Ligand code: ADP
Ligand code: MG
């Protein structure tokens, strides 16, 4: 049984890529076979894993636009349990290039169907928009993880995000669900962070992970070394939190299965 999950929030800077890189690395360390697909033209997940996005042989662009077989675009990483399909700025034009295609919302889903049995979990890092790349992701997945930053206006945009999920569920992907909500950049010393946690828990009833991801400078440093937090500084608060989140995530899913 494999599960395909998008890390989704159309707001930028909320911790999508940080969650994608670190949650998937922790799950791979817990001995599950993981594929990460970067579908954000910024390619931050790609460089977060130490892959040079300027000199990619093949990327997700080739799958979406050139009809390349998805299997040939998979990059092995240092961790034998973790593979990557990379992205870079080439993908920025894809939204427009896809517009006139009949199957434009289904291309990623059809490609993933060919490889989903090879993995326990496939994570997709979405761009901060609601365009065709995000729609392709929402159509291809079983569920979404929504990172929310513990900041003013944390819930701003959330109703739009939920309407998008509902719309896709009604039309193109009836099984789409919210897997869980991750509270990121939590600072327990501020009332604001504590209030945001309360508000988000009220809004998403029962869907919010107990594990809170703290604001931790090591998490912000790790990508510049091309390492996930568990390889960069396994004793940091950030590493501990993402490992705990991975355990919580797996407990929930694998209990249900
Ligand atoms: P998104 O992918 O949603 O745009 P990112 O994961 O790239 O968000 O995070 C935005 C910025 O915040 C990045 O510079 C990242 O390193 C930093 N960041 C994310 N999570 C944390 C955290 N828990 N503690 C400290 N910095 C963080
Ligand atoms: Mg990102």
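Just for the range 241-255: of the residues that are touching a strand residue (DSSP E or B) at 6+ places or on another chain (Cβ under 9 Å) and under 21 Å from residue 150 (Cβ atoms), which one is surrounded by the most Cβ atoms within 10 Å (Cβ to Cβ)?
Here the answer is 245.
Could you tell me whether residue 134 is within 16 Å of ligand 1 (Cβ to nearest atom) and buried (at least 20 other Cβ atoms within 10 Å of the Cβ)?
Numbers: within 16 Å of ligand 1 (Cβ to nearest atom): yes; buried (at least 20 other Cβ atoms within 10 Å of the Cβ): yes.
Criteria met by residue 134.
Hey, can you tell me all the residues within the range 222-257 that are without any contact (Cβ under 8 Å) to a residue 12 or more places away in the chain and within 18 Å of residue 17 (Cα to Cα)? Reasoning before the result, please.
Applying the first criterion (without any contact (Cβ under 8 Å) to a residue 12 or more places away in the chain) to the range 222-257 yields 224, 234-235, 240, 251, 254-256.
Residues satisfying the conditions are 224, 240.
At least 3 residues that are more than 15 Å from ligand 1 (Cβ to nearest atom) and buried (at least 23 other Cβ atoms within 10 Å of the Cβ) in each: list the helices (runs of 4 or more DSSP H) lying fully within the range 8-110 that qualify.
60-64
Return the pairs, sorted by first residue and then second, in which the second residue is part of a strand (DSSP E or B) and within 8 Å of ligand 2 (Cβ to nearest atom), the first residue lies in the range 2-26 and is within 17 Å of residue 245 (Cα to Cα) and at pLDDT 95 or above, the beta carbons are less than 7 Å apart, and the residues are 6+ apart or on different chains.
If the second residue must be part of a strand (DSSP E or B) and within 8 Å of ligand 2 (Cβ to nearest atom), the pairs left are 7/125; 16/125; 17/125; 20/125.
Of (1) within 16 Å of ligand 2 (Cβ to nearest atom); (2) surrounded by 22 or more Cβ atoms within 10 Å (Cβ to Cβ); (3) under 23 Å from residue 85 (Cα atoms), residue 128 satisfies all except one. Which?
Exception for residue 128: condition (2).
Please go through (1) in a helix (DSSP H, G or I); (2) touching a residue at least 40 places away in the same chain (Cβ under 8 Å); (3) touching a helix residue (DSSP H, G or I) at 6+ places or on another chain (Cβ under 8 Å) for residue 182 and return the number of the only condition it doesn't satisfy.
(1)
Looking at this structure, is residue 144 assigned to a helix (DSSP H, G or I), modelled with pLDDT of 95 or more and surrounded by 15 or more Cβ atoms within 10 Å (Cβ to Cβ)? I'd like the intermediate steps shown before the answer.
Details: assigned to a helix (DSSP H, G or I): no; modelled with pLDDT of 95 or more: yes; surrounded by 15 or more Cβ atoms within 10 Å (Cβ to Cβ): yes.
Criteria not met by residue 144.
Residues 163, 171, 236, 224: which one is surrounded by fewer than 20 Cβ atoms within 10 Å (Cβ to Cβ), away from ligand 2 (no atom under 16 Å from the Cβ) and under 20 Å from residue 12 (Cβ atoms)?
163
What is the number of the single condition among (1) within 16 Å of ligand 1 (Cβ to nearest atom); (2) out of contact with any strand residue (DSSP E or B) (no Cβ under 6 Å at 6 or more places or on another chain); (3) part of a loop (DSSP other than H, G, I, E, B) that residue 206 does not meet?
For residue 206, the failing item is (1).
Can you tell me which of 90, 120, 62 is modelled with pLDDT under 95 and either farther than 14 Å from residue 133 by Cα or more than 17 Å from the chain's Cα centre (by Cα) (or both)? Reasoning before the result, please.
Values: 120 fails: modelled with pLDDT under 95; 62 fails: modelled with pLDDT under 95.
Criteria check complete, one pass: 90.
The values are calculated or read from the model by the stated rules, or taken from the named source; none is laboratory data. Remember, it's a predicted structure, so these values are computed and weren't measured experimentally. All Cβ positions, glycine included, derive from the backbone under ideal geometry; neighbour counts span all protein chains shown.
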